[in-house]
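Data block below; observations after.
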Amino acid sequence: MNHNNSLNSIKDEINNKVKIVVVSKTRSEKEILDIYKKGHKNFGENKVQEILEKHEKLPKDIRWHFIGHLQTNKVRYIIPFISLIHSVDSIKLLKEINKRAKAKNKVINCLIQVKIANEESKYGFKINEISDVISYASELENILIKGLMGMATNTDNNNLIDREFKLLNKEFKKYKSKIFNVLSMGMSNDYKLAISNESNMIRLGSIIFGRK
Ligand SMILES: *Cc1c(COP(=O)(O)O)cnc(C)c1O
């Protein structure tokens, strides 16, 4: 499959208000550059070591998104260049991002990751914790909470996925504002359902690069 063709055909098929983050984890620098050269700038990674290496070697105008579980002891490495952290899943992490951002005189854009699936492996705050996290973060000068991120259950059951996305969208709408305006949900298998539930940021890996 030709990567750029699949990215362009998805772009044609979706509303241009939906932003695509190309998930480039495990993909080579060459694979990323091929897509970058067609004008795509937003890439997502889930490991600190990998994003550091790629950031160093690839063009500096790439907007890097961190989408994986972030350990507090690694926060400081990504602060200088990270565009958006999708995966804030604890108050401890929020505090550390704020502290490291302050030291660099930066304000870091973050999403609150919400656990909408009932799978053990998924990180995130519970639905009923969102309002407290938002008010806590509003006191942190070097954090800007831009919205919510969630991952649906990995299943063929579209009804379940749809219910999970609806739940997240309902929460998103409670806090939506000029600043709090990002709803990051949807991956290769479920981005259409996510968009039908008003997602405005989808994270696509395998559908762009092919399955490994
Ligand atoms: C890997 C990953 C994706 C992309 O998944 P695909 O199914 O390959 O599109 C999206 N979001 C997160 C958080 C991921 O870890």
| field | The one condition in (1) assigned to a helix (DSSP H, G or I); (2) within 22 Å of Met201 (Cβ to Cβ); (3) open to solvent by 10 Å² or more (accessible area, probe 1.4 Å) that Val75 fails to fulfil | value | (3)
| said: Looking only at the stretch 182-212, filter to residues that are of a type in the set (D, E, K, R) and within 11 Å of the ligand (Cβ to nearest atom); which one of those is nearest to Thr155 (Cα to Cα)? | reply: Asp190
| said: For the stretch 11-42, which positions are assigned to a helix (DSSP H, G or I), at pLDDT 95 or above and closer than 28 Å to Glu198 by Cβ? | reply: Ile35
| message | Would you confirm whether or not the stretch 198-208 contains a residue that is closer than 29 Å to Asn16 by Cβ, open to solvent by 60 Å² or more (accessible area, probe 1.4 Å), in contact with a strand residue (DSSP E or B) (Cβ under 8 Å, 6 or more places away or on another chain) and among the charged types (D, E, K, R)? | response | yes
| remark: Selection over the stretch 35-62 where residues are within 16 Å of the ligand (Cβ to nearest atom) and within 15 Å of the chain's Cα centre (by Cα) yields a count of 8
| query | Residue check: is Phe81 hydrophobic (A, V, I, L, M, F, W, C), in contact (Cβ under 8 Å) with a residue 12 or more places away in the chain and either part of a loop (DSSP other than H, G, I, E, B) or surrounded by fewer than 20 Cβ atoms within 10 Å (Cβ to Cβ) (or both)? | reply | yes
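The values are calculated or read from the model by the stated rules, or taken from the named source; none is laboratory data. Model, not experiment: these values are computed from the prediction. Please note: Cβ atoms are built from the backbone with ideal geometry, for glycine as well, and neighbour counts cover all protein chains shown. The protein model used for the area step is the full one, side chains on, heavy atoms only, and it has no ligands, DNA or RNA in it. Shrake-Rupley method; radii C 1.70, N 1.55, O 1.52, S 1.80 Å.
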